[in-house]
Amino acid sequence: MTTTACFIVVSKNDIPIYEAEVGSTVRQKQEQAHQHQFILHAALDLVQDLAWTTSAMFLRSVDRFNDLTVSVYVTAGHTRLMLLHDSRNEDGIKNFFQEVHELYVKTLLNPLYLIGSRITSAHFDTRVRALARKYL
Amino acid sequence: MIGVGKPKQYGNVLDKPLSRGRQEVSLSAFAFLFSELVQYNQTQVDNIAELERRLEDAGYAVGARVLELLCHRDKGNRRETRLLGILSFIHSTVWKVLFGKVADSLEKGTEHEDEYMISEKELLVNRFISVPKDMGAFNCGAFVAGIVRGVLDGAGFPAVVTAHFVPIEGQQRPRTTILIKFAEEVLRREARLG
């Protein structure tokens, strides 16, 4: 089954610090990548309001566009892990977010990593893509 | 047999587990490291305000990380969205993890709505530090104030945090108070959330 999925990590200051197209049909979707990023950024306002109403981290689906859904996971430091997808697999998405959150905390613990700057580690990228294949 | 029982080697830090690890760090090692930090910064600045600011910035980086780590590891992925919630998180959880005990007291300021104070009889970081008379009101607790500011800022509660010495009659060494003054938007949001 081919799935579309675009994953970005947005810092507290609304700056994307990591992005990846993790769906299984990546080749034909180059021109749609821009659209995916646009949809995700447009959803940031909704996330902002929703984040203060609950103390949970997984915010489920916050926005829809055609047949694509935006799911968001907010960390304690207000870093948002956002996923644009067309599947309905909520449990898989929740597990994916939790694992990426753990990776993010490990990245953050590096004292030389400036919080809010781009995550450039290739190892992080590999791990995220592997998790996406596993859970999405 | 050599190598039997060797701890597992991890290729990359992202593969290592986020375990609790050893709970304790040697106090002397920390005291030496902190004193070097203060001395190094002393050589870099011209005045006391700048020195306090540098210590605060060092603490800010620690605070931001402590927030993420503790919420992930200890609090089962629950965020704090209310003022009192985040303050009691700092007062108990953060203090317990960093200093081995909860803070002595958490009080709301009487004069202003937006002021809160965390008091401690003797801050761990100040235990082996004596401030010369010509440095006036300088307090190395600025490092801890920075940690608190890092936690609050990360959680979305911007505040100005400072450390002060409060002399108490009957005691030789003054108590230390961390004064937290929240920004306008925090109070407005708190009122909105009800």
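Tabulated results
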item	result
Any pair with Cβ under 7 angstrom, 6 or more apart, that starts in the stretch A:34-55 at a residue that is under 14 Å from B:ARG79 (Cβ atoms) and ends at one that is loosely packed, with under 13 Cβ neighbours inside 10 Å and not polar (S, T, N, Q)	A:TRP52/B:LEU193
Strands (runs of 3 or more DSSP E) fully within the stretch A:28-94 counting 1 or more residues that are within 14 Å of another protein chain (Cβ to nearest Cβ), on the phi > 0 side of the Ramachandran plot and of a type in the set (Val, Ile, Thr)	none
Residue count, the stretch B:103-130 (criterion: modelled with pLDDT under 90, among the β-branched types (Val, Ile, Thr) and crowded, with 17+ Cβ neighbours inside 10 Å)	1
Qualifying residue in the stretch B:92-104 (condition: within 14 Å of chain A (Cβ to nearest Cβ) and of a type in the set (A, V, I, L, M, F, W, C))	yes
The stretch A:95-121, residues that are touching a residue at least 60 places away in the same chain (Cβ under 8 Å) and in a loop (DSSP other than H, G, I, E, B)	A:ILE115, A:GLY116, A:SER117, A:ARG118, A:ILE119
Hey, B:PHE143 modelled with pLDDT under 90 and surrounded by 14 or more Cβ atoms within 10 Å (Cβ to Cβ) or not	no
Search result, residues across the stretch B:158-194 that are more than 23 Å from B:GLY146 (Cβ to Cβ) and without any contact (Cβ under 8 Å) to a residue 60 or more places away in the chain	B:PRO167, B:ILE168, B:GLU169, B:GLY170, B:GLN171, B:GLN172, B:ARG188, B:ARG189, B:ALA191, B:ARG192, B:GLY194
Which numbered condition A:VAL128 fails, given (1) within 14 Å of chain B (Cβ to nearest Cβ); (2) touching a residue at least 60 places away in the same chain (Cβ under 8 Å); (3) within 22 Å of B:GLY154 (Cα to Cα); (4) of a type in the set (A, V, I, L, M)	(3)
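The values are calculated or read from the model by the stated rules, or taken from the named source; none is laboratory data. Because the structure is predicted, anything quoted here is derived from the model rather than measured. So basically every Cβ, Gly included, is an ideal-geometry build from the backbone, and we count neighbours across all protein chains shown.
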